[in-house]
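K.L.:
Okay, handing you the structure first.
Nothing in this text is a laboratory measurement; each read-out follows from the coordinates by a stated rule. Computed from a predicted structure; not experimentally measured. When we count neighbours, we look across all protein chains shown, and the Cβ atoms used for this are built from the backbone with ideal geometry, even at glycine.
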Amino acid sequence: MACGLQIKDEESSYNKNLFCIPKHYEEDLERVFIPHGLVLDRNGECLARDIIQDMGSHHIVALRVLKGGYKFFADLLDHIKVLNQNSDKSVPITVDFVRIKSYCSDSPTEKINIIGEELSTLNGKNVLVVEDIIETGRTMRALLSKLKDYKPKMVKVLSLLIKRTHQSSGYKPGYTDKFVVGYALDYNEYFRDLNHICILKEKAKEKYKI
Ligand code: 5GP
């Protein structure tokens, strides 16, 4: 599958005053990290086409990791649907869900809770796991290990964002080490109702802490 758009730290983020932000979040956000338009463009036909090319014509189960990735997931499925309707080749696609809790506020929880739905539908299928953010990869490793029990034919992972972090090797942390919200990415359930992916202010973390 084609690799994603790389956003370098030094060129990333925009003055939030240039964008439409809900009034109730104006004080909480530092910068706009990825404008909604850019997310939609990248997460458009191009990504949908790559997935179909990469996963072949065998039935795909799109596995949505709850709750974070719901906007990314819904927009992606819309594009796959359009491709299925308008091209010679089409792929049956069904959806399934798994809920994972690995973060509280902006800190990883000690234990990763995979709140298992019945995933036996994955047996023998091509599974596309759709996640919102991969940071250390701890959550994804736990999920992939659980999925093995259901004996899928193939598993591919698609993530809206992959952070460069000091916890993974090789990259210097910068903005990507910050906590981002918006486009259904939350901080304790807040900010899902924000279109742009934005960098959260430190003082907002205190304000919405549980
Ligand atoms: P990992 O296990 O890869 O370190 O962390 C992945 C999970 O942490 C994601 O599924 C997401 O829920 C959460 N996460 C990590 N960084 C961020 C962030 O900047 N913003 C939000 N909203 N969630 C994050």
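K.L.:
Estimate the FRET efficiency between K67 and S145 by the formula 1/(1 + (r/R0)^6), using the beta-carbon distance for r and 30 Å for R0, to the nearest 0.05.
P.N.:
Values: r = 21 Å, r/R0 = 0.71.
Using R0 = 30 Å, I get an efficiency of 0.90.
K.L.:
Let me ask something additional. Which length gain, in nm to one decimal place, applies between R192 and V95 when the Cα-Cα distance is subtracted from 0.36 nm times their residue separation?
P.N.:
Values: separation 97, 0.36 × 97 = 34.92 nm, distance 2.15 nm.
The span from R192 to V95 would gain 32.8 nm if fully extended.
K.L.:
For R49, put the label point 7 Å out on the Cα→Cβ axis and report which residues of region 71-102 keep their amide N under 15 Å from it.
P.N.:
Label zone hits: 79-90.
K.L.:
Then there is this: Provide the net charge surrounding D106, with neighbours chosen by a C-beta distance below 10 Å and charges set as Lys +1, Arg +1, Asp -1, Glu -1.
P.N.:
Working: positive: K178, K205, K209; negative: E202.
With Lys, Arg at +1 and Asp, Glu at -1, the net is +2.
K.L.:
Okay, moving on. Test of understanding: in a Gaussian network model of the chain with alpha carbons linked when under 10 Å, which of R192, R49, R64 would top the mean-square fluctuation ranking?
P.N.:
Sorting by GNM fluctuation, first place goes to R49.
K.L.:
Quick one: which of K23/K71; K111/K178; K16/K178 span more than 19 angstrom between C-alpha atoms? Intermediate results must be reported in sequence, preceding the final value.
P.N.:
On the way: K23/K71 21 Å; K111/K178 22 Å; K16/K178 16 Å.
K23/K71; K111/K178, as the Cα separations exceed 19 Å there.
K.L.:
Separation between the E26 and K205 pseudo-spin-labels, each 7 Å from Cα along Cα→Cβ, expressed in nm?
P.N.:
Rounded to a tenth, the inter-label distance reads 2.5 nm.
K.L.:
Another question, then. Go through 36-42, 131-137 and give me the packing order, highest mean Cβ count within 10 Å leading. Display every interim value, and only then the final one.
P.N.:
Values: 36-42: 14.9, 131-137: 19.4.
Result, highest mean Cβ count within 10 Å first: 131-137, 36-42.
K.L.:
How much net charge surrounds H196 when only other residues with a Cβ under 11 Å from its Cβ are counted (Lys, Arg +1; Asp, Glu -1)?
P.N.:
Details: positive: K16, R31; negative: none.
Neighbourhood net charge equals +2.
K.L.:
Give me the lysines in straight-line cross-link reach of K156: C-alpha distance below 17 Å, same-chain residues under 8 apart excluded.
P.N.:
Excluding near neighbours in sequence, the set is K125, K146, K148.
K.L.:
A further question follows. Can you give the calculated 222 nm mean residue ellipticity of the chain, where each DSSP H run of n ≥ 4 adds -39,500 (n - 2.57) and the sum is split over every residue, rounded to the nearest 500 deg cm²/dmol?
P.N.:
Details: 5 runs with 52 residues, N = 210.
Roughly -7500 deg cm²/dmol at 222 nm, from the helical runs in the chain.
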